[in-house]
Amino acid sequence: MKTRNLVLILLISIWGCNEIEQCQLDPNSEFLVGTFYNIKDSVARDTLVFNAVVPSNQPLNFYDTIIFGAFFPLNPTDTTISYTFMTDSMDYQLSLSYDVLYYLFSPDCDPSIRYFDLKVVETNFDSVAVVGDVLDLQIPINLEIYF
Amino acid sequence: MFLTFKSLSILRYIFSTILLVISLAGLAQSQAPDLMPEADSTSIAFRLNVDFISLGRNVFVPAQKSGFEVQTSILFNQFRLHFEYGAQRMERGTNYNYTYISNGQFLRIGPAINLLKNATDGLEMTFGLRYAQSTFDNSLRYDTQDVFGSVISIEENNQNTRWMELTTGLSAKIGKRITMGYTVRYKIQRKPLNSDQLLPYDIPGFGRRDDSNEVGFNYYIGWLIPLK
């Protein structure tokens, strides 16, 4: 009985000392978070249907349906990006600029990319507010888009 | 302009260490009886040390870390003036989909004092200070495998920084002119780096960038040339 308790305590202590995976502590995010609101009453739009959401010069389509908010990837080898939100009636454009910093958070993880100083360069949405100019997991929303 | 609590602690630590070294030196001098004639009390020598740990890395982990480090010293009675030079290349990410390389040189200069002035067998126990400076290049190549198919390839060259070191060491003669010993370094007060896009991970001569203080260790084999 005593030996079994000792082994149990040993196992618990080994599990307790198990290090948190370093990479999970990296605070940087590779996606900006955009949320959509109705310009008339500033109420969050719950479901948006697009024909496509595409970044400029890329054969990619990120979304056809967005529920309240969406994650948009930034290009780490550039400092500007434009998205086109296609609908049946019109296309919305959103151009952003940002700075990039690369570093090793830990040599056992992929290099970390810090996106910061996010700014709206051009848009035909009614209003776009940058509420978090750094892509960080602690910052829940980066852009509030009103139309 | 304002000193932080941490800076004050470090300054207090440096001040205490200097006081300790001075008081120990004074103790060593007060213990020295007039056994030797005044004319024979001055000894001057030159010493060249080579760091065996750096050389060992070239043999055992040449792909990850390579370089060398030499130390030249002028020995004047119990006082030493050290000039140190080294080069270091670090490569990381060989088992991942990135390659990070830091490559550069470093210099250190500073005094030390031997607290075992009267040891007759060449035994030395030293305390000292160093001013150190490092200049290096670093580069990153990273296949992000993201939706854009981005491959990052970036270099930042001629990065430089400086710091101070508190050192202590022991060495002994293992032959008529050959000495062997170690130096432990506590590296403090590193100047922050100005990086545009790539923050370095490894700083040659210092260690990791994200550590404001580092501890270093050298194991030297030296050649002693008496001058007087």
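For the charge dipole of region B:50-166, defined by +1 on Lys and Arg C-beta atoms and -1 on Asp and Glu C-beta atoms about the Cα centroid, which residue among B:Gly104, B:Phe83, B:Leu123 has the Cα displaced farthest towards the positive pole?
Checking the options against the dipole of region B:50-166, the answer is B:Leu123.
Using only the alpha-carbon atoms, how far is helix A:2-17 inclined from the longest principal axis of chain A? Give it as 0 to 90 degrees, nearest 10.
30 degrees
With a 1.4 Å probe and every protein chain kept in, tell me what percent of the accessible surface of chain A is carbon plus sulfur.
Values: 4710 of 8560 Å².
Accessible surface attributable to carbon and sulfur in chain A totals 55 percent.
Using a 10 Å cut-off on Cβ to Cβ distances, tally the other chain neighbours for every residue of A:97-104 and report the average as a whole number. Show your work: numbers first, answer last.
Numbers: counts 0, 0, 2, 4, 5, 11, 10, 14.
Across A:97-104, the average partner-chain Cβ count within 10 Å equals 6.
Using mean Cβ contacts within 10 Å as the protection proxy, how do A:128-141, B:202-215 order, highest first? Don't skip to the end; give the middle numbers.
Numbers: A:128-141: 14.9, B:202-215: 18.9.
For the peptides A:128-141, B:202-215, the packing ranking is B:202-215, A:128-141.
Karplus couplings for region A:63-69 from phi (6.51 cos²θ - 1.76 cosθ + 1.60, θ = phi - 60°), rounded to Hz, Gly and Pro as x?
Per-residue couplings from phi come out as 9, 10, 9, 10, 9, 6, x Hz.
Apply the Karplus parameterisation 6.51 cos²θ - 1.76 cosθ + 1.60, with θ equal to phi minus 60°, to every residue of region B:131-138 and state each ³J(HN,Hα) to the nearest whole Hz, in sequence, with x for glycine and proline.
With coefficients 6.51, -1.76 and 1.60, one gets 9, 10, 9, 10, 10, 7, 10, 9 Hz.
Within region B:71-228, what whole-number % of the accessible surface is contributed by carbon and sulfur, with the 1.4 Å probe and all protein chains included in the calculation? Numbers along the way, then the final one.
Numbers: 4020 of 7560 Å².
Carbon with sulfur: 53 percent of the solvent-accessible area.
In square angstrom and rounded to 100, what buried accessible area do you get between chains B and A, total over both, with the probe at 1.4 Å?
The B and A chains share an interface burying roughly 1900 Å².
For region B:41-190, treating each Cα as an identical point scatterer without solvent, what Debye log10 I(q)/I(0) comes out at q = 0.09, 0.10, 0.12, 0.17 1/Å?
Debye curve over Cα of region B:41-190, log10 I(q)/I(0) at q = 0.09, 0.10, 0.12, 0.17 Å⁻¹: -0.40, -0.47, -0.63, -1.02.
Across the residues of A:105-116, average count of Cβ atoms on other protein chains within 10 Å?
Mean shielding count: 5.
Taking amide H positions as placed 1.01 Å from N in the peptide plane, with prolines and chain starts having none, which residues 5 or more places from A:Phe50, or on another chain, fall under 5 Å of its amide H?
Counting only residues 5 or more places away or on other chains, the set is A:Thr65, A:Ile66.
What are the ³J(HN,Hα) couplings of region A:121-133, residue after residue, when phi is run through the Karplus curve with 6.51, -1.76, 1.60 and θ = phi - 60°? Round to Hz, x for glycine and proline.
8, 7, 7, 10, 5, 4, 7, 9, 10, 8, 9, x, 8
May I ask for the distance between the Cα centers of region B:100-154 and region A:51-101, given as a whole number of Å?
44 Å
The values are calculated or read from the model by the stated rules, or taken from the named source; none is laboratory data. A quick note: this is a predicted structure, and the numbers were derived from the prediction, not measured. Note: ideal-geometry Cβ built from the backbone for every residue, glycine included; neighbour counts use all protein chains shown. Heads up: the accessible areas ignore ligands, DNA and RNA and are worked out on the full protein's heavy atoms, side chains in. Shrake-Rupley method; radii C 1.70, N 1.55, O 1.52, S 1.80 Å.
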